[in-house]
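Only one structure is covered here, and it is reproduced in the block below.
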Amino acid sequence: MLSKRSEVQVDVTRPIRGDIVGGSSADIILKQARIYASERNFSMEYVMLMRYSLLAVSELKKHPEFGLKSSEPDIMRMREAGDIACSIALDRLEVLKPLLVKRFEQLEAAQLEKRRHADVFEDSRVDGLRVLNLPRTLMARFLEKAKANTRNNLETCGILCGRLAKNAFTITTLVIPKQKATSDSCSTTNEEELFEFQDTRDLITLGWIHTHPTQSCFMSSVDLHTHCSYQLMLPEAIAIVMAPSRSPSQGIFRLTDPPGMDVIAACRNPQMFHPHDGFEGQLYESAGEGHVRVADGPLDVRASRIVGGYEERLRKGVGAFNLDGKMIDMPVVKWAQRLLAKAESIAEIDKASGPASP
Ligand SMILES: [Zn+2]
Ligand SMILES: [Zn+2]
């Protein structure tokens, strides 16, 4: 059971910054581990730390930008931080292991006892997914913020952020970041600010929401690829599509698994919009009621102004700099630093444990 839920994948076809909105997979996994540790849910903490270690040790190596090198002081610091984070995770796993073995023995004994009494053992998770609570007002409040764009036939997107407690996620904050939009696409333009906003408040990215101003309510091929990154980061992540001019006017979606996740993660079609022949109609589905629960609950809406500092830095000339004749902007640098830190920590582990398999 542990090994199945410990699998981690990184989408190696995407550039570093495009990989993730609002944090790296590793950061999100560590956040979850910390929450489970504070709740003394050691088995889930173990799963998260396993996923983190696997991600660090194996998957990031496959990233084409893995080999980035720099001796900038900032990057050196990031390297050290990465080393420490990874070794702490591995140490903690060693501590947790005996606790878990004991716990599983207890559970197994309890289950045997239950069967003896002819009871049916039921898992509280639905399809292995943890519950995600969605505030009832979210869609209406998002549409209200998106109104001007929708009127001008421009898409709007927002990021769903929230918390994990007692093995369930709750969306607490809707962030509408700075973005560029057309009638059939939108993309965030300042992931760095968004990431900092989430990090300082310990928020986890739980999915995203966007409008189709004139189109119907469906997941375009661009949407499928965007959502694949979210769902790789967090299997419970959702995509909400709002199509106010059509009926149905809203949908809560996730990629099927299988075949949706595998097909999209493996798709290398460079066209923005493209078909996925042979799989149309099977790639995504409405999120199940056991997975997403619409409920009354507070919602903090943060529209766009969380950014802003970036342009100022850019004006002052510190937001972008020249590397080998190419202008590199800050978010790209940040992502590269994060990845580099992880890469370095992997190298350290390899050094300590002998050569890695090719
Ligand atoms: Zn769309
Ligand atoms: Zn594709």
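List the residue pairs whose Cβ atoms are under 8 Å apart, where the first residue sits in segment 271-289 and is under 14 Å from Ser221 (Cα atoms) and at pLDDT below 90, the second is part of a loop (DSSP other than H, G, I, E, B) and within 16 Å of ligand 1 (Cβ to nearest atom), and the two are 6 or more positions apart or on different chains.
Matching pairs, first to second residue: Met272/Ser185.
May I ask you to list the residues in segment 246-273 that are exposed (fewer than 13 other Cβ atoms within 10 Å of the Cβ) and either away from ligand 1 (no atom under 15 Å from the Cβ) or more than 24 Å from the chain's Cα centre (by Cα) (or both)? Break it down into steps so the answer makes sense when it comes.
Looking only at segment 246-273, we keep the residues that are exposed (fewer than 13 other Cβ atoms within 10 Å of the Cβ), and these are 247-248, 258, 266, 268-273.
Within segment 246-273, Ser247, Pro248, Pro258, Ala266, Arg268, Asn269, Pro270, Gln271 meet the criteria.
Suppose we filter segment 200-238 for residues that are within 16 Å of ligand 2 (Cβ to nearest atom), of a type in the set (A, V, I, L, M) and either part of a helix (DSSP H, G or I) or without any contact (Cβ under 8 Å) to a residue 24 or more places away in the chain (or both); how many remain? Working first, answer last.
Of the residues in segment 200-238, the ones within 16 Å of ligand 2 (Cβ to nearest atom) are 218-232.
Okay, now just the ones that are also of a type in the set (A, V, I, L, M), so 219, 222, 224, 232.
Okay, now just the ones that are also either part of a helix (DSSP H, G or I) or without any contact (Cβ under 8 Å) to a residue 24 or more places away in the chain (or both), so 222, 224, 232.
Residues meeting the conditions: 3.
Go through segment 139-156 and give me each residue that's acidic (Asp, Glu) and within 23 Å of the chain's Cα centre (by Cα).
Passing the criteria: only Glu155.
When you look at Arg268, is it basic (Lys, Arg), assigned to a helix (DSSP H, G or I) and either out of contact with any helix residue (DSSP H, G or I) (no Cβ under 8 Å at 6 or more places or on another chain) or at pLDDT 95 or above (or both), yes or no? Walk me through it before giving the result.
Working: basic (Lys, Arg): yes; assigned to a helix (DSSP H, G or I): no; either out of contact with any helix residue (DSSP H, G or I) (no Cβ under 8 Å at 6 or more places or on another chain) or at pLDDT 95 or above (or both): yes.
In short, no.
The values are calculated or read from the model by the stated rules, or taken from the named source; none is laboratory data. What you see is a predicted model, and the numbers here were worked out from it, not measured in a lab. Note that each Cβ is placed from the backbone with ideal geometry, even for glycine, and that neighbours are counted across all protein chains shown.
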